[in-house]
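Undergrad: Take a look at the following structure, please.
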Amino acid sequence: MQPFTKLTGIAVPIDEPNVDTNQLCPTRFNKVPRGPRHAEILFHDRRFEADGRDKDFILNREPYRHAQIVVADRNWGCGSSRESAVYALYEFGIRSVIASSFGDIHASNCCKNGLLPVVLAQEDVVAIRRQLHAQPGATVTVDLAAQTVTDPAGKVYRFEIHPVRKQCLLEGLDDISRTRQYAERFEMFEEAYRRETPWLFVER
Amino acid sequence: MFEKIWERHVIAEEEGELLLYVDRALFHEGSSHAFRMLDAGQHGVRRPEQVFAFNDHYVPTHGREKGVAGIANPEIRNMVVNLEKNTKRYGITLFGIDDPRQGILHIVPPEQGITQPGLLMVGADSHTSTHGAFGSIAFGIGASEMAHVMATQTLWQRRPKTLRVTIDGSPGKGVYAKDVILALIAQAGAGGATGHLVEYAGSTIRGLDMEGRMTICNMSIEWGGRAGMVAPDETTFAYMEGRPYAPKGAAWERALDFWKTLPSERGAVFDREESLDAGALAPMVTWGTSPEHAAPVTGRVPDPAQVSDEAKRTEIAAALDYMALKPGMALADIAVDRVFIGSCTNSRIEDLRAAAQVARHGRARVPSWIVPGSMSVKKQAEAEGLDRVFTGAGFEWRSPGCSLCTAINGDQLQPGERCASTSNRNFRGRQGTGGRTHLVSPAMAAAAALTGRLADVREFFI
Ligand code: SF4
């Protein structure tokens with residue numbers, strides 16, 4: 001996974017609350033193997049007509065085709081657990097989403113793929129979006145080490161993130177190797193656990 | 001209850017991130033991404049006997065006697081075939097397309113006794129919360145996490161906050177578990193339980209059968225909940241006894257003793273509390289594009305012009321635009337083009353019984369499908385003659401799968417079509433690009449079939 005450290009990029013304001021993962025990646029694209037095609041899949045049915053022509057959706061406009069940051073509203077990424085929603089964001093070029101709340105599974109999927117979800121207060125995301133609408137193409141800076149967001153006007157907001165999530169993102173660490181270090185603990189745990197509740201284990 | 005189960009699954013801790021032991025992992029054809037990761041990292045599957053796979057999302061709901069060969073679309077067929085290949089390669093139990101126990105991944109495990117109280121279960125599917133109805137901690141995860149679970153039988157998680165919802169009162173005639181959960185989501189908002197594990201308690205919940213409890217836990221995710229739970233009780237144990245994977249003999253007695261220790265003590269403390277009076281509810285319908293856009297069927301389509309909050313006004317206007325509804329019209333007057341009774345929310349035997357009770361009163365005026373949640377449900381319903389009630393009333397009796405709930409097996413709405421659906425999500429395009437979804441209970445869906453509109457099902461009970 002690509003580490004996430006500090007990013008300054010074009011930010012796109014998406015004003016709707018409850019943007020679900022079906023919008024980010026319509027269900028019929030779940031079967032597409034991860035790859036560059038996901039850039040087109042992002043918000044597919046909002047961006048394209050059935051015959052492939054562009055619809056008027058913010059991500060189809062310049063300069064937002066080059067956006068790296070989304071500034072959203074509340075409950076971003078609710079709904080289905082599909083990780084393809086994150087692949088779509090990532091392949092489009094998005095590296096961070098700023099919202100006042102996230103669907104839990106989606107936020108976790110973002111972190112596993114090097115995409116940083118940032119939670120700011122509702123009034124702050126509204127304020128930043130207002131600036132972005134006033135100056136299309138303005139940039140926002142997200143600094144993970146410092147845990148800050150800097151808006152186009154230079155105002156700095158601090159955000160919270162769990163230390164382990166932060167470290168994994170900063171270093172681009174993958175979980176399976178982290179877990180392998182606990183192999184011995186796992187064996188001991190499982191043995192005791194099996195003794196206590198033996199019926200849980202399916203014998204084949 | 002949550003703490004008792006959670007604590008016994010903790011293997012290690014790193015700054016508040018806990019390494020948890022996973023008892024059961026569930027997934028469907030959509031987990032192809034997780035297998036690609038497993039293959040790429042050359043990780044094996046650590047405890048294949050604790051992992052279960054299901055053909056549900058991509059299976060057709062008619063012409064099933066032909067098995068895989070009956071799937072015309074090669075891309076869809078591949079999803080089904082690949083699941084079989086991947087599970088075989090790693091020695092994972094598959095409830096495949098030809099299996100007499102086949103069905104939706106949230107319907108089959110309870111039926112088979114795979115779902116039990118006290119477990120920590122994960123699924124590569126957000127509605128894994130369904131299984132919490134048995135008093136287990138059950139939640140959905142993404143593909144990377146699923147690959148991790150398969151490789152290690154563990155998962156890194158932070159402790160969720162806890163939220164108890166106390167639901168009291170006895171629902172009136174025509175009001176079901178589905179109406180209770182829709183009313184709760186309308187009250188709390190689609191993000192109302194974000195970050196929380198929800199325990200449903202109170203006399204209404206105690207009075208529900210397991211099917212109703214599963215419907216409620218299923219939709220926990222629709223108001224942002226990490227998981228939903230109901231304390232196990234006699235209803236739970238009676239449901240479980242004798243199921244194929246349930247403990248037997250002396251092990252059953254031991255398991256029972258353990259399960260009875262799980263419910264929360266009197267005076268247990270939760271991070272948050274909510275309540276709902278189920279006695280005051282009417283049947284519910286959704287009018288918009290989020291499950292929080294729900295209202296009693298006796299109500300009207302909201303008028304954005306009367307909403308003072310600007311953001312809310314824009315949101316409602318956009319939803320009504322997509323749904324092609326006029327502000328102020330009576331919800332019960334909304335005409336539908338189709339009806340879908342199915343999905344992991346409402347395709348169990350009790351759901352079909354409730355729908356059949358209404359279907360007996362007339363004939364379907366619009367194309368109306370019944371898609372049982374599993375082969376077991378289908379067989380049970382046929383033994384009770386429900387299939388004949390439905391087909392006699394002009395409904396289509398189909399084979400188990402997710403079908404129109406998520407529209408990836410080829411079953412889908414045409415652009416602009418409006419559907420009364422017993423599923424859990426009314427998101428834009430969920431049932432097919434441009435399709436419009438109204439979420440309702442199975443009895444309400446049957447009433448919609450008979451009348452061609454979102455009729456109040458109570459009209460049929462007078
Ligand atoms: S029935 Fe619908 S919600 Fe349930 S698992 Fe299938 S697609 Fe998901």
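Undergrad: If R0 is 30 Å, what FRET efficiency do you get for A:GLU171 and B:GLU3 from their C-beta distance, rounded to 0.05?
TA: 0.40
Undergrad: Same structure again: If you roll a 1.4 Å probe over the stretch B:176-322 with all protein chains in place, what percent of the accessible area is carbon or sulfur?
TA: Summing carbon and sulfur atoms, their accessible area is 51 percent of the total for the stretch B:176-322.
Undergrad: Kirkwood Rh over alpha-carbon pairs of the stretch A:63-192, then Stokes-Einstein at 4 °C and 1.567 mPa s: what D in µm² s⁻¹, rounded to an integer?
TA: 81 µm²/s
Undergrad: Label B:ALA238 and B:ARG388 with points 7 Å out from Cα along Cα→Cβ: what is the distance between them in nm?
TA: Roughly 2.8 nm, to one decimal.
Undergrad: Averaged over every viewing direction, what's the projected area of the C-alpha convex hull for the stretch B:1-52? Give it in nm², one decimal, please. Can you show the working numbers first?
TA: Working: hull surface 20.5 nm².
So the mean shadow area of the Cα hull is 5.1 nm².
Undergrad: Quick one: if the Förster radius is 60 Å, what FRET efficiency do A:THR8 and B:ARG363 give, using the C-beta to C-beta distance and rounding to 0.05?
TA: Numbers: r = 64 Å, r/R0 = 1.07.
Result of the calculation: an efficiency of 0.40.
Undergrad: Under the Karplus relation 6.51 cos²θ - 1.76 cosθ + 1.60, θ = phi - 60°, what is the ordered set of whole-Hz ³J(HN,Hα) values for the stretch B:363-368, x standing for Gly and Pro?
TA: 3J(HN,Hα) across the stretch B:363-368, in whole Hz: 10, 5, 9, 10, x, 9.
Undergrad: Taking only the alpha-carbon positions of chain B and ignoring solvent, what does the Debye formula give for the base-10 log of I(q)/I(0) at q = 0.07, 0.10, 0.12, 0.14 Å⁻¹?
TA: Cα-only, vacuum Debye calculation for chain B: -0.33, -0.70, -1.03, -1.41.
Undergrad: If you keep only loop residues by DSSP, which GluC sites (Glu not before Pro) in the stretch B:173-266 have at most 11 other Cβ atoms within 10 Å of their Cβ? Show your work: numbers first, answer last.
TA: Working: sites: B:GLU199, B:GLU211, B:GLU222, B:GLU234, B:GLU241, B:GLU253, B:GLU265; in loops: B:GLU241, B:GLU265.
The qualifying sites are B:GLU265.
Undergrad: Right, another one. Count, for each residue of B:31-37, the Cβ atoms from other chains sitting within 10 Å of its Cβ, then give me the mean as a whole number.
TA: Across the residues of B:31-37, the mean count of other-chain Cβ atoms within 10 Å is 3.
Undergrad: Give the average, rounded to an integer, of partner chain Cβ atoms located within 10 angstrom of each Cβ in B:427-434.
TA: Per residue, the number of nearby Cβ atoms from other chains is 6 on average.
Undergrad: What list of ³J(HN,Hα) values in whole Hz, one per residue of the stretch B:263-270 in order, does the Karplus curve 6.51 cos²θ - 1.76 cosθ + 1.60 (θ = phi - 60°) give from phi, with Gly and Pro shown as x?
TA: Whole-Hz 3J(HN,Hα) from phi for the stretch B:263-270: x, 4, 6, 4, x, 4, 9, 10.
Undergrad: If you plug each phi of the stretch B:138-155 into the Karplus form 6.51 cos²θ - 1.76 cosθ + 1.60 with θ = phi - 60°, what whole-Hz ³J(HN,Hα) values come out, in order, with x for Gly and Pro?
TA: 9, 8, x, 9, x, 5, 5, 5, 5, 4, 5, 4, 5, 6, 10, 6, 9, 8
Undergrad: At 7 Å along the Cα-to-beta-carbon direction for both A:ALA146 and B:LYS326, put a label point, then send me their distance in nm to one decimal.
TA: Result: 5.6 nm between the two label points.
Undergrad: While we're here: Given R₀ = 60 Å, FRET efficiency for B:GLU459-A:ARG195 by Cβ-Cβ distance, to 0.05?
TA: Taking R0 as 60 Å, the efficiency between B:GLU459 and A:ARG195 is 0.55.
Undergrad: Follow-up. Run a plain Debye calculation on the stretch B:290-460 (Cα atoms as equal point scatterers, no solvent) and give log10 I(q)/I(0) at q = 0.12, 0.13, 0.20 Å⁻¹, rounded to two decimals, same order as the q list.
TA: Those come out to -0.51, -0.60, -1.27, one per q.
Undergrad: When only alpha-carbon atoms are used, what values of Rg and Dmax, in angstrom, describe the stretch B:177-288?
TA: 15.7, 52
Undergrad: Further question: For a quick check of your reading of the filter: which trypsin sites (Lys or Arg not before Pro) in the stretch A:1-54 sit in a DSSP loop and have no more than 10 other Cβ atoms within 10 Å?
TA: Values: sites: A:LYS6, A:ARG28, A:LYS31, A:ARG34, A:ARG37, A:ARG46, A:ARG47, A:ARG53; in loops: A:LYS31, A:ARG34, A:ARG37, A:ARG53.
Sites meeting the loop and neighbour criteria: A:ARG53.
Undergrad: Please list, by residue number, every one of the GluC sites (Glu not before Pro) in the stretch A:35-97 that is coil in DSSP and has at most 13 other beta-carbon atoms within 10 Å. The partial results should precede the final answer.
TA: Details: sites: A:GLU40, A:GLU49, A:GLU83, A:GLU91; in loops: A:GLU49, A:GLU83.
Sparse-neighbourhood loop GluC sites (Glu not before Pro): A:GLU49.
Undergrad: Subtracting the Cα-Cα distance from 0.36 nm times the residue separation, let me have the gained length for B:ALA72 to B:GLN187 in nm, one decimal.
TA: Difference between extended and current length: 37.0 nm.
Undergrad: Checking buried surface per residue: for the stretch A:67-91, which residues lose a minimum of 40 Å² accessible area in the protein assembly relative to the chain alone (1.4 Å probe)?
TA: Residues passing the criterion (a loss of at least 40 Å², heavy atoms only) are A:ARG74, A:ASN75, A:GLY79, A:SER81, A:GLU83, A:TYR87.
Undergrad: On to the next question. Which of B:ALA133, B:GLY435, B:PRO247 sits closest to the plus end of the dipole of the protein assembly as shown, meaning its Cα is farthest towards the positive end, when Lys and Arg get +1 and Asp and Glu get -1 on the C-beta?
TA: Checking the options against the dipole of the protein assembly as shown, the answer is B:GLY435.
Undergrad: Follow-up. Give me the accessible area per residue for chain B, probe 1.4 Å, as a whole number in Å².
TA: Value for chain B: 32 Å² per residue.
Undergrad: For the stretch A:1-88, just say rounded, prolate or oblate: build the C-alpha gyration tensor, square-root its eigenvalues into a ≥ b ≥ c, call rounded for a/c under 1.5, and beyond that prolate if a/b exceeds b/c, oblate if not.
TA: Note, shape of the stretch A:1-88 comes out rounded.
Undergrad: 5 Å is the cut-off here: which amide hydrogens, built 1.01 Å from N in the peptide plane, fall below it relative to B:GLU199, excluding neighbours closer than 5 in sequence?
TA: B:LEU163, B:ARG164, B:VAL165, B:MET229
Undergrad: Using a probe of 1.4 angstrom, how much of the accessible area of the stretch B:2-157 is carbon and sulfur, in percent?
TA: 49 percent
Undergrad: Figure the gain on full extension for B:ARG46 and B:ALA268 (residue separation times 0.36 nm, minus the Cα-Cα span) and round it to one decimal in nm. Let's see the in-between values first.
TA: Numbers: separation 222, 0.36 × 222 = 79.92 nm, distance 3.61 nm.
Gain in length upon complete extension: 76.3 nm.
Undergrad: Also: Summing both sides, how much accessible area is buried between A and B? Use a 1.4 Å probe and give Å² to the nearest 100.
TA: Chain pair A/B: roughly 5500 Å² of buried accessible area.
Undergrad: How much accessible area does A:HIS162 have with a 1.4 Å probe, in Å² rounded to the nearest 10?
TA: Accessible surface of A:HIS162 is approximately 30 Å².
Undergrad: Summing +1 for each Lys or Arg and -1 for each Asp or Glu, what net charge is found among the other residues whose Cβ lies under 13 Å from the Cβ of B:SER347?
TA: 0
Undergrad: Straight-line reach from B:LYS260: which lysines fall under 20 Å, measuring Cα to Cα and dropping same-chain residues less than 8 apart?
TA: Partners found: B:LYS4, B:LYS248.
Undergrad: At 0.36 nm per residue, minus the direct Cα-Cα distance, what do B:ARG36 and B:ASP98 gain on full extension? Give it in nm, one decimal, please.
TA: The span from B:ARG36 to B:ASP98 would gain 19.8 nm if fully extended.
Undergrad: Can you give me the Cα centroid spacing of the stretch B:72-98 and the stretch A:118-153 in angstrom?
TA: Each part reduced to its Cα centre gives a spacing of 45 Å.
Undergrad: Are there any residues in the stretch B:217-260 with a reduction of at least 40 Å² in accessible surface when going from the isolated chain to the assembly of protein chains? Probe 1.4 Å, please list them by number.
TA: Those residues are B:ARG226, B:ARG254.
Undergrad: Just the ratio, please: alpha-carbon radius of gyration of the protein assembly as shown over 2.2 N^0.38 Å, N its number of residues.
TA: That ratio works out to 0.91.
Undergrad: Between the chain alone and the structure with every protein chain in place, find the residues of the stretch A:3-48 that drop at least 50 Å² of accessible area; heavy atoms, 1.4 Å probe.
TA: A:ASN22, A:THR27, A:LYS31
The values are calculated or read from the model by the stated rules, or taken from the named source; none is laboratory data. From a predicted model like this one, the values you see are computed outputs, not experimental measurements. As a convention, Cβ positions derive from the backbone with ideal geometry for all residues, glycine included, and neighbour counts pool all protein chains shown. Note: accessible area is taken over every heavy atom of the protein model, side chains too, but ligands, DNA and RNA are not part of it. Shrake-Rupley method; radii C 1.70, N 1.55, O 1.52, S 1.80 Å.
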